[in-house]
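The values are calculated or read from the model by the stated rules, or taken from the named source; none is laboratory data. Small disclaimer: the values here were computed from a predicted structure and weren't measured. When we count neighbours, we look across all protein chains shown, and the Cβ atoms used for this are built from the backbone with ideal geometry, even at glycine.
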Amino acid sequence: MIEASNITRRYGSLKAVDALSFEVPQGAVCGFLGPNGAGKSTTIRMIAGLFAPDSGHLMVGGVDVARDPLGVRAQVGYLPESTALYPELRVEEYLAFRAGLTGMSSQAIPAAIMKTLESCGLGDVRRRLVSGLSRGYRQRVGLAAALVGDPALLILDEPTVGLDPVQQRAFRALLADLAGERTVLLSSHLMAEVDLSCDWLVMIAGGRMVASGARDEILGQRHPLVDVRVSNDDLDRFEDLCRDHDAIDSVVRDRGSKHVFLKVKAAPQCKDPLRMVGELASLNEVVLHELREASSSLEEIFLQHAGETDGDWSTTSSGEVS
């Protein structure tokens, strides 16, 4: 459904997306992951046909974004992070307006609205003003607006931001009901949300690719991950020691919490990662406040791949572009 080949996008001297290549197959629910400033929003806007890459090729549903952006937009339903709704309209009035923007005939609009209201669980509030709805229902209206044209590709950019846990669960259940009918690109910084909803993953950092493919394949790439909290005085020295150690693949430092995440080589190089790290600290008189094996999860994979890129995944520079 999506084929990106070496796409690059600049804002002046800043390269927001840097020779990015990935694909998303038809019918997949794809989690699009990356830290703040990774280039996710810029990439999403290109996929949605809002602007073309400066270089490289981007195809959506077989249509070239640079050559036929309107053809791309006709295939895409887009729910941005900040959903723009018209509060003075009733739900069905707003959906009729959005359906009209897709070029749908006036005869087809009523049936499309009825189908979308049912799919998004909005039948009971169809006659209510948008301004009178809860945050969760307004998010459903935004999703319905993205779906009313029956797009082949649905793009959701941080769809559960601002929702409470109950509303988040309800939105994920709604997404699960929609899965399989169309391709979904879900951009989120919430690991649990992506882990529960997606079968395909694309991870980027600094505008560059760090991992992409089927979720189960990426989760199968695990290495032992050790989480260490070090005293302030020893933090820089310990990080240097770890980078020089033969059994440690990569080091990711969380400057906010003083934690260091170590991706350790799989056996036989290191059969007991915790003991190895503890001995390394002891031999070099480094004071450890915490030493534990990190959880085996999508978050672990996320941090492991972060160690293969330049930059700090835990902080965001004011000059970065998302």
Exercise. Check whether at least one residue in region 219-232 is surrounded by fewer than 19 Cβ atoms within 10 Å (Cβ to Cβ) and without any contact (Cβ under 8 Å) to a residue 40 or more places away in the chain, and report yes or no.
Key: yes
Practice problem: Give the residue that is surrounded by the most Cβ atoms within 10 Å (Cβ to Cβ), with candidates limited to residues of region 8-52 that are of a type outside the set (A, V, I, L, M) and touching an Asp or Glu at 6+ places or on another chain (Cβ under 6 Å). | Solution: Arg9
Quiz item: Somewhere in region 161-174, is a residue surrounded by fewer than 19 Cβ atoms within 10 Å (Cβ to Cβ), touching a strand residue (DSSP E or B) at 6+ places or on another chain (Cβ under 8 Å), touching a residue at least 60 places away in the same chain (Cβ under 8 Å) and within 26 Å of Asp195 (Cβ to Cβ)?
Solution: no
Quiz item: Taking region 250-302 as the search range and keeping residues that are crowded, with 20+ Cβ neighbours inside 10 Å and charged (D, E, K, R), which one is modelled with the lowest pLDDT?
Solution: Glu300
Exercise. Check off (1) buried (at least 17 other Cβ atoms within 10 Å of the Cβ); (2) more than 20 Å from Ile44 (Cα to Cα); (3) aliphatic (A, V, I, L, M) for Ala108 and give me the number that stays unchecked.
Key: (1)
Practice problem: Check region 115-137 and report whether any residue there is among the small types (Gly, Ala, Ser), under 19 Å from Arg169 (Cβ atoms) and free of Cβ contacts under 8 Å to residues at least 40 places away in the same chain. | Solution: yes
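Only one residue in Glu81, Glu92, Glu88 is touching a strand residue (DSSP E or B) at 6+ places or on another chain (Cβ under 6 Å), in contact (Cβ under 8 Å) with a residue 24 or more places away in the chain and not small (Gly, Ala, Ser). Which one?
Among Glu81, Glu92, Glu88, only Glu81 is touching a strand residue (DSSP E or B) at 6+ places or on another chain (Cβ under 6 Å), in contact (Cβ under 8 Å) with a residue 24 or more places away in the chain and not small (Gly, Ala, Ser).
Only one of Tyr137, Tyr78 is closer than 30 Å to Asn6 by Cβ, among the aromatic types (Phe, Trp, Tyr) and surrounded by 14 or more Cβ atoms within 10 Å (Cβ to Cβ). Can you tell me which?
Working: Tyr137 fails: closer than 30 Å to Asn6 by Cβ.
Answer to the check: Tyr78.
For (1) part of a helix (DSSP H, G or I); (2) on the phi > 0 side of the Ramachandran plot; (3) not polar (S, T, N, Q), each residue gets a yes or a no:
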position: Met114; (1), (2), (3): yes, no, yes
position: Arg127; (1), (2), (3): no, no, yes
position: Thr160; (1), (2), (3): no, no, no
position: Leu174; (1), (2), (3): yes, no, yes
position: Thr183; (1), (2), (3): no, no, no
